[in-house]
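One structure is given below, encoded as structure tokens.
Quick note: the coordinates plus some simple rules give every number you see, no bench work behind them. Note that the coordinates shown come from a computational prediction; the quantities given were computed from them, not determined experimentally. Cβ placement follows ideal geometry from the backbone for every residue including glycine, while neighbour counts extend to all protein chains displayed.
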Amino acid sequence: MSGAPGEGTAEEPEVPGELRRALDDMPAPDARAEFRSELKRRFVAGASERAEPEAALAAWRVPAARAAFRAELRRRFVAAPRAARARLWSVPRALAAGLIAAAALVVLFAPWGGRDGPWSAVDYAGSPTVAIDGRPVSYGDRATLSARLEAGGCRLVTTETFRAYRSEELLLELAPGSDVRLLPRAADGMLVIELASGGLRVSTAPGLGERVLIRTPQAEVALAGRAVGVEVLAEGTCICCLDGRARVTPRAEGQGAGRTLGDDEAYLVWNDARPPLELDHVVHRDELSALSAASAGRLY
């Protein structure tokens with residue numbers, strides 16, 4: 001209803017949608033006899049047409065609502081917000097569930113996203129050492145050992161079996177007499193290990209793909225799984241896959257495209273131009289089985 005020029009217009013109070021629908025669904029109460037009588041009298045007398053709307057409204061007394069109508073209105077008003085709150089809560093609850101699932105995926109795959117985690121030497125007796133860039137480091141010196149391995153770009157030479165665990169990613173075992181270089185982590189998250197001599201065995205966390213690359217003079221091996229071994233021999237590079245997957249690519253021309261090994265398969269890439277040889281048995285099966293068992297409480 002408009003007021004005088006220049007005056008503000010009163011805004012209609014906002015009625016919640018649930019309450020509006022509840023009111024629309026309610027049956028209209030019958031008008032009281034005195035209300036009908038007064039309306040009829042004014043209509044006949046022409047008062048409704050002659051009187052100014054504001055004056056007519058000011059003079060009109062709104063009849064009190066019946067007790068039954070008030071009770072029904074109260075019941076619907078109280079019930080409506082509950083239903084509305086239940087529907088509104090279903091949206092953030094579903095959103096929260098989605099965010100929790102996404103967070104779980106982030107936590108699961110974050111270690112392979114290029115972010116480094118701590119290394120530590122495990123399963124050793126006494127005080128064995130490993131030479132890192134020519135400097136002996138005790139297996140018990142966890143801080144120095146982790147810092148040097150974490151930085152990458154270092155050379156490791158072992159005289160005894162060296163087993164190291166990288167948090168949530170892999171278990172790495174170097175055989176005695178191994179000479180390896182651990183390269184800095186690549187931008188794509190790949191961990192590259194150059195094996196010049198000796199052998200290594202690797203167990204990676206499940207479901208994370210081929211994120212470890214072993215590079216020898218004869219082959220490149222992208223591996224994943226619970227127990228995969230690579231050994232540099234006088235004849236060439238031997239790859240043994242006890243439990244997992246190893247994609248082998250010969251480095252010399254003319255040796256073919258290589259192949260992907262599955263469980264309980266072995267492959268030899270010669271140090272000359274001969275085509276690679278498929279072996280009929282897995283070498284160092286006991287050592288690979290022991291590594292697989294050791295990964296059970298850490299990665300699996």
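For the reader, a short list of remarks on this structure follows.
- Inter-label distance for Leu279 and Ala187, nm, one decimal - labels placed 7 Å from Cα along Cα-to-Cβ: 3.7 nm
- Taking a ≥ b ≥ c as the square roots of the eigenvalues of the Cα gyration tensor, the stretch 163-242 is classed as prolate, since a/c reaches at least 1.5 and a/b is larger than b/c.
- Once both labels are positioned 7 Å from their Cα atoms along Cα-to-Cβ, the gap between Glu253 and Arg36 label points is 10.9 nm.
- Taking every alpha-carbon pair in the stretch 185-300 and binning the separations at 5 Å intervals from zero gives 2, 13, 24, 25, 20, 10, 4, 1, 0 percent.
- Each residue of the stretch 132-145 was assigned a 3J(HN,Hα) from its phi angle through the Karplus expression (A = 6.51, B = -1.76, C = 1.60, θ = phi - 60°), giving 10, 6, x, 9, x, 10, 5, 4, x, 7, 5, 5, 5, 4 Hz with x at Gly and Pro.
- With each label modelled as a point 7 angstrom along the Cα→C-beta vector, the Asp263-Arg142 pair spans 3.4 nm.
- At R0 = 41 Å, FRET efficiency that the Cβ-Cβ distance of Ala293 and Arg21 yields, to 0.05: 0.05
- Placed amide H near Val192: partners under 5 Å, 5+ positions off or other chain: Leu183, Ala186, Leu213
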